[in-house]
Each structure stands twice: as C-alpha cells, then as structure tokens.
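J.: First the structure, which I've put down as structure tokens, then a few questions once you've had a look.
No lab work stands behind these numbers, since they all come straight from the coordinates. Keep in mind it's a predicted model, so treat the numbers as computed, not measured. Cβ: placed from backbone, ideal geometry, glycine included. Neighbour counts: every protein chain shown.
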Amino acid sequence: MKTNLNILKMAALCAMVTGCYSKHEKPVTSTPPMVSSEVTISEMEPDDQFYKAIKAMIKGENVQSAGYIREAAKSMRSIASSATLNHKTRIEKAAEGLETLANNVATTKVKDIANLYTYFGNAGRTLGEYRLDVTEKEYFNHTEAKSGATLKRAIDQLEKSISTRHRTLNPEERATLNEAREIAVRLQKGDKVDEDDLKDTLQKVQAEIEKWDREFKTI
C-alpha cells in the first residue's frame, strides 16, 4: 500500500514538472529578441536532466537515471566556471553531491526517489541564489532585459526546488516571489526599476533561500 502511494506521488510530481517545462518549449518567435539569449543552454540543462533522471528512476532504470544526474553535474560545473568565488564554491559542492548521488543510484545503494528530490532541491536553490547575484550585476551593466530574464529564471528555479519536497509556498513566501517576478517582467519590458526596490526585493528572496536551506538541511 505504501509502495502504491509512493508511485502515485512520483507520478504527480512528474506531471507537475512536465507542466513547468512546457513553459520553456514555446516557439522562439514568441520571445522578444533581447530576451531569447538571456539564459544559456548550459544553464537550462540541469533542470532538463533532473526531470529525465526522475522519470528514469520511476521506471526502475537506475543506470540511465545516474547518467542524467552526471550530465546535470557537468552543467553545474559549467555554470560554476563563470561564477564568482563564493558562488563557484557552492555550485561545485552541489555538483559533487550530484556525482556522489549518481554513483549511488547506479549501484542501487540509493533506491528511494526522495533522495533525488533532496539533491535536486539543493542544486536548484544554489543556482537560484547565484542568479540573484547575476540579476543585480546585469542591472548595473544597464542590460535590463537580461537582468529580468535572469531573475525570472531564478524564481522558476526556486519554485521547483520547493515543489520537489512536496511542499507548497506559504503566503509570505509566495508574496516575495511574486514581487520578484513582477520586477523581472518590468525589467524585461524595459520599464524603469528603482535601484533600491530591486535590492530590497533581492534581499527578501535571499532571506527565503537561507530559510529554505535551514529547513531542508539534510545533505
């Protein structure tokens, strides 16, 4: 009975993740030219590989799942190569965790899919925090559209990192991410965003990330 319940939970999560990814599969023509290149292919790969790893694990295809996890780790390291020292260290640590997870999945030392959610959630929050920093830098470089696209990507990443733990955002958390998303949209449109408003919003999101790290500190 417990096994059936776990399978239902897995299927529900996959359906939810599929819905999230469908947003990124719209034709390129629907995206404004300035925004289309804002998020690089390597930055998109971790999410895609996480999703594939979960699907493979549900099917009992441990070796394939491990392969996708290793690819996600490679993508994380690729992103780390252009990050500042503090973020670089965190991203590489998350990548190391994924590599260890991949080995354990391949050898069936890890059989519970909940372990994947734990590591993927940690990686998601790590990338989300890094992209907050990139958002601010792009803003001060006067590339507002790129700043907005990066911020939106960070918010999407953080929402997924929470959903992997079968947890919904509370009203305060939802309000913080909605506020950040509104600013991201304004930046993408080229609307003026006050520097203090941006910094205040990024600080609020950062505070939520730190809170989630404490809440989910299991690795």
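J.: Please give the contour-minus-distance gain from Lys189 to Asn141: 0.36 nm per residue of separation, less the Cα-Cα distance, rounded to one decimal in nm.
T.: Difference between extended and current length: 15.6 nm.
J.: Now a separate question. So what's the Cα pair-distance distribution over the range 39-215, bin width 10 Å, in %?
T.: 10, 38, 33, 15, 4, 0
J.: Hey, another quick one. With θ set to phi - 60°, apply the Karplus curve 6.51 cos²θ - 1.76 cosθ + 1.60 along the range 172-187 and write out the HN-Hα couplings as whole Hz, x wherever there is a Gly or Pro.
T.: Result, rounded to whole Hz: 5, 5, 4, 5, 5, 5, 5, 4, 5, 5, 4, 5, 4, 5, 4, 5.
J.: Which cross-chain or sequence-distant (5 or more) residues have an amide H under 5 Å from the amide H of Val110, H modelled 1.01 Å from N in plane?
T.: Val105
J.: Taking the simple approach of a point 7 Å from Cα along Cα-to-Cβ for both Thr84 and Arg165, what is their distance in nm?
T.: 2.6
J.: Sort 114-125, 164-175 by the packing proxy (mean of other Cβ within 10 Å over each peptide's residues), most packed first.
T.: Per-residue mean Cβ counts within 10 Å order the peptides as 114-125, 164-175.
J.: Further, regarding this structure: Work out from phi, with θ = phi - 60° and the Karplus expression 6.51 cos²θ - 1.76 cosθ + 1.60, the ³J(HN,Hα) of each residue of the range 47-62, listed in order in whole Hz, and give x for Gly and Pro.
T.: Taking θ as phi minus 60°, the curve returns 4, 4, 6, 4, 4, 5, 5, 5, 4, 5, 5, 4, 7, x, 8, 5 Hz for the range 47-62.
J.: Ok, one more. Rank-order 204-216, 90-102 by packing density, defined as the average count of other C-beta atoms within 10 Å over each peptide's residues, highest first.
T.: Values: 204-216: 15.0, 90-102: 20.8.
Ranked by mean Cβ neighbours within 10 Å, highest first: 90-102, 204-216.
J.: Related question: Report the net charge of residues surrounding Asp196, where surrounding means a beta-carbon distance below 13 angstrom and charges are Lys +1, Arg +1, Asp -1, Glu -1.
T.: Details: positive: Lys192, Lys199, Lys204; negative: Glu136, Asp194, Glu195, Asp197, Asp200.
Here the charged neighbours net out to -2.
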